[in-house]
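Visitor: One structure, pasted below without further comment.
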Amino acid sequence: MTRERLALGRSGEARAARVLQGLGWKILERGWRTRFGELDIVACDGETLVFVEVKTRAAAGAFAPESSVGRSKQGRLIRSALSYLESKGIQDRPLRFDVLVFDGPDCCRHIRGAFEAEGYSL
């Protein structure tokens with residue numbers, strides 16, 4: 001991955017954290033790494049623990065950025081989330097997987113409950 005893409009991704013994650021904090025969410029982690037991959041943002045939306053995947057593009061393109069969060073990516077995110085929960089000793093808490101998309105400088109889409117974690121385990 002080029003430095004420019006890494007910088008774009010980091011700026012998108014920082015922007016996403018600001019957006020979520022503006023909604024009153026508490027950011028718990030950013031860039032939390034597991035053997036399965038990285039969780040961009042882990043946050044609390046009230047009592048719900050939310051794992052947020054951030055997708056950023058400098059300019060609007062032909063394909064929606066969220067389309068890159070397919071079944072394979074979802075599986076890695078779910079396994080990463082399960083690893084996070086295990087490492088923190090978190091049980092019996094409502095969970096959600098969201099995707100936050102920045103498609104160009106002015107377009108922001110928040111897809112709440114973008115996918116489910118049913119049927120997955122570590």
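Visitor: Restricting attention to the range 36-66, and to residues there that are at pLDDT 85 or above and over 15 Å from the mean Cα position of the chain (by Cα), which single residue is nearest to residue 8 (Cα to Cα)?
Guide: Taking the candidates together, the pick is 46.
Visitor: Right, another one. Restricting attention to the range 34-58, which residues are without any contact (Cβ under 8 Å) to a residue 40 or more places away in the chain and surrounded by fewer than 14 Cβ atoms within 10 Å (Cβ to Cβ)?
Guide: 46 - this is the single residue of the range 34-58 that is without any contact (Cβ under 8 Å) to a residue 40 or more places away in the chain and surrounded by fewer than 14 Cβ atoms within 10 Å (Cβ to Cβ).
Visitor: If you don't mind, there's one more thing I want to ask. What's the number of the condition residue 69 fails, among (1) aliphatic (A, V, I, L, M); (2) closer than 17 Å to residue 118 by Cα; (3) at pLDDT 90 or above?
Guide: It fails just one condition, (3).
Visitor: Note down all Cβ pairs under 8 Å where the first residue falls in the range 1-14 and is part of a helix (DSSP H, G or I), the second is among the β-branched types (Val, Ile, Thr) and modelled with pLDDT under 85, and they're at least six residues apart or on different chains.
Guide: Sorted first by the residue in the range 1-14, then by its partner, the pairs are 8/56; 9/56; 11/56; 12/56; 13/56.
Visitor: Could you check the range 1-13 and list, in sequence order, the residues that are of a type outside the set (Asp, Glu) and exposed (fewer than 12 other Cβ atoms within 10 Å of the Cβ)?
Guide: Once the filter is applied, which keeps residues that are of a type outside the set (Asp, Glu) and exposed (fewer than 12 other Cβ atoms within 10 Å of the Cβ), the range 1-13 yields 1, 2, 3, 5, 6, 7.
Visitor: Kindly indicate whether residue 23 is aliphatic (A, V, I, L, M), within 17 Å of residue 109 (Cα to Cα) and more than 14 Å from the chain's Cα centre (by Cα).
Guide: Considered against the rule, which asks whether it is aliphatic (A, V, I, L, M), within 17 Å of residue 109 (Cα to Cα) and more than 14 Å from the chain's Cα centre (by Cα), residue 23 comes out as yes.
Visitor: Looking at (1) modelled with pLDDT under 95; (2) over 18 Å from residue 113 (Cα atoms), can you tell me which one residue 100 breaks?
Guide: Failing condition for residue 100: (2).
Visitor: Let me ask something additional. If a residue has to be assigned to a helix (DSSP H, G or I) and touching a strand residue (DSSP E or B) at 6+ places or on another chain (Cβ under 8 Å) to count, how many in the range 15-44 make the cut? Step through it out loud before you land on a result.
Guide: Start the filter on the range 15-44 by keeping residues that are assigned to a helix (DSSP H, G or I), which leaves 15-22.
After this cut, where a residue has to be touching a strand residue (DSSP E or B) at 6+ places or on another chain (Cβ under 8 Å) as well, the list is 15-17, 19-21.
Total meeting the criteria: 6.
Visitor: Out of 109, 96, I need the residue that is touching a residue at least 40 places away in the same chain (Cβ under 8 Å) and either assigned to a loop (DSSP other than H, G, I, E, B) or within 18 Å of residue 12 (Cβ to Cβ) (or both). Which one?
Guide: Going through 109, 96 in turn, the sole match is 109.
The values are calculated or read from the model by the stated rules, or taken from the named source; none is laboratory data. A quick note: this is a predicted structure, and the numbers were derived from the prediction, not measured. Note that we place each Cβ from the backbone using ideal geometry, even for glycine, and neighbour counts take in every protein chain shown.
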